[in-house]
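Structure record follows, encoded as structure tokens.
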Amino acid sequence: MSDKKEKQKYALVTGGSRGIGRAICEQLAKDLEYDILINYNKNREAAEETLSLVTAAGKSGELLQFDVADADAVKTSLEAWHETHKNAVIEVVVNNAGITKDGLFMWMSPEDWSGVINTSLNGFYNVTNALIQKLLVNKYGRIINMVSVSGLKGTPGQTNYSAAKGAVIGATKALAQEVAKRKVTVNAVAPGFIKTDMTGELDEAELKKMVPANRFGNAEEVAHLVSFLASPKASYITGEVVNINGGIYS
């Protein structure tokens with residue numbers, strides 16, 4: 001047991017450079033005893049801004065650059081990190097990276113279909129599969145998958161995104177049952193309309209009329225929920241999809 005106490009504990013957030021991912025990194029740093037691994041794909045400057053928020057919250061952080069859709073890059077990057085962090089363990093995995101390529105299905109290109117599937121669904125596989133064995137050996141862990149209201153009810157113009165997020169929801173429920181005995185929980189968080197770069201071009205004034213709470217959510221509100229699910233307080237919650245959407249679909 002003493003060895004486990006001495007290990008340096010980390011939380012990995014994919015797509016942690018902006019938006020909901022950034023808010024999650026900052027909230028985990030504020031609430032829990034983890035150093036933060038901030039994954040980003042291209043925008044290093046934004047990732048460094050997230051890192052400064054983590055350090056301002058009193059925690060250490062590191063940047064990890066890889067595209068979650070690239071299985072080899074994920075494996076190589078995480079293996080290299082473990083090589084240089086022999087006495088460290090990644091206990092929390094937040095699969096947040098995602099992209100949208102919206103459009104009506106009848107005109108959807110193969111690239112727009114597979115691009116979204118590769119990032120959201122295969123990205124979940126690539127990152128989680130690379131770390132799951134270590135979580136099971138550790139006999140403790142938290143896997144939190146960021147999904148969407150689109151994955152639950154389906155959103156027109158987002159058949160690809162809805163398919164990807166719906167698949168991750170199914171995977172969440174199945175994996176949760178496989179790993180529960182090892183004290184590893186697997187949950188999904190399904191935001192509705194949240195103010196981020198991704199929703200910046202949407203007509204907020206019009207769309208908020210669809211939301212019973214009559215507003216878009218904030219990234220910080222989502223981050224508080226993720227932080228709770230990543231904490232020891234959520235030990236008996238697993239295989240769940242938690243909606244955070246102002247009542248738009250529950």
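The values are calculated or read from the model by the stated rules, or taken from the named source; none is laboratory data. In this text the structure is predicted, and so the values were computed from the model without any measurement. Cβ coordinates were reconstructed from backbone atoms using ideal geometry, including for glycine residues, and neighbour counts include every protein chain displayed. SASA here: full protein model, heavy atoms, side chains in, ligands and nucleic acids out. Shrake-Rupley method; radii C 1.70, N 1.55, O 1.52, S 1.80 Å.
Once backbone amide H atoms are built at 1.01 Å from N, I244 has A190, G192 as its partners under 5 Å, excluding neighbours fewer than 5 places away on the same chain.
Residues considered: P110, P191, P156. Largest GNM mean-square fluctuation over the chain, using C-alpha springs under 10 Å, is found at P110.
Here the gap between D102 and D203, fully extended at 0.36 nm per residue and compared with their Cα-Cα distance, gives a gain of 34.8 nm.
Carbon and sulfur: what percent of the chain's accessible surface (1.4 Å probe)?
Numbers: 6370 of 12410 Å².
Summing carbon and sulfur atoms, their accessible area is 51 percent of the total for the chain.
Look at where the Cα atoms of region 188-249 and of region 160-180 average out, and the two centres are 18 Å apart. Distance between the modelled labels on N218 and E49, one decimal in nanometres: 1.7 nm (7 Å Cα→Cβ projection).
Solvent-accessible area of D102, all protein chains in place: 90 Å² (probe radius 1.4 Å, heavy atoms, ligands and nucleic acids excluded). For the chain, a Gaussian network of Cα nodes joined below 10 Å ranks I169, I194, I99 by mean-square fluctuation, and the top entry is I99. Note on the chain: GNM, Cα springs under 10 Å; of L64, L12, L32, the largest mean-square fluctuation is that of L32. Rg/Rh for the chain (Cα atoms only, Rh after Kirkwood) is 0.95.
What percentage of all Cα-Cα pairs in region 45-107 are separated by more than 14 Å?
Values: 1421 of 1953 pairs.
Everything past 14 Å amounts to 73 percent.
Mind checking the dipole of the chain: about its Cα centre, +1 per Lys or Arg Cβ, -1 per Asp or Glu Cβ, Debye to the nearest 20?
Numbers: 27 positive and 28 negative charges, 204 e Å.
Rounded to the nearest 20 debye, it is 980 debye.
Note on region 1-89: semi-axes of the ellipsoid equivalent to its C-alpha gyration tensor, largest first and rounded to whole Å, are 21, 18, 9. Between S148, A190, A230, the Cα set farthest toward the positive side of the dipole of the chain (charges on each charged residue's Cβ, about the Cα centre) is that of A230.
Could you tell me which of rounded, prolate or oblate describes region 95-136, using a ≥ b ≥ c as the square roots of the eigenvalues of the alpha-carbon gyration tensor, with rounded for a/c under 1.5 and, failing that, prolate when a/b is larger than b/c and oblate otherwise? All intermediate terms of the calculation are to be shown ahead of the outcome.
Working: a/c = 5.05, a/b = 3.35, b/c = 1.51.
Since a/c reaches 1.5 and a/b is larger than b/c, the shape of region 95-136 is classed as prolate.
Over the chain, give the accessible area per residue in Å² for a 1.4 Å probe, as an integer. Mind showing how you got there, number by number?
Details: 12410 Å² over 250 residues.
Here the residues of the chain average 50 Å² of exposed surface.
Over 21 Å apart at the Cα level, from the set K101/K153; K9/K42; K183/K233; K9/K233; K30/K165, are K9/K42; K30/K165.
Once you have the Kirkwood Rh of region 71-199 from its Cα pairs, apply Stokes-Einstein at 4 °C and 1.567 mPa s and quote D in µm²/s.
Values: Rh = 15.6 Å.
It comes out at roughly 83 µm²/s.
Would you mind classifying region 166-250 by shape? Square roots of the alpha carbon gyration tensor eigenvalues, ordered a ≥ b ≥ c; an a/c under 1.5 is rounded, otherwise it is prolate if a/b is larger than b/c and oblate if not. Prolate is the answer for region 166-250, as a/c is 1.5 or above and a/b outweighs b/c.
Classified by the C-alpha gyration tensor, region 10-159 has a prolate form. Its axis ratio a/c, with a ≥ b ≥ c, is 1.5 or above, and a/b is larger than b/c.
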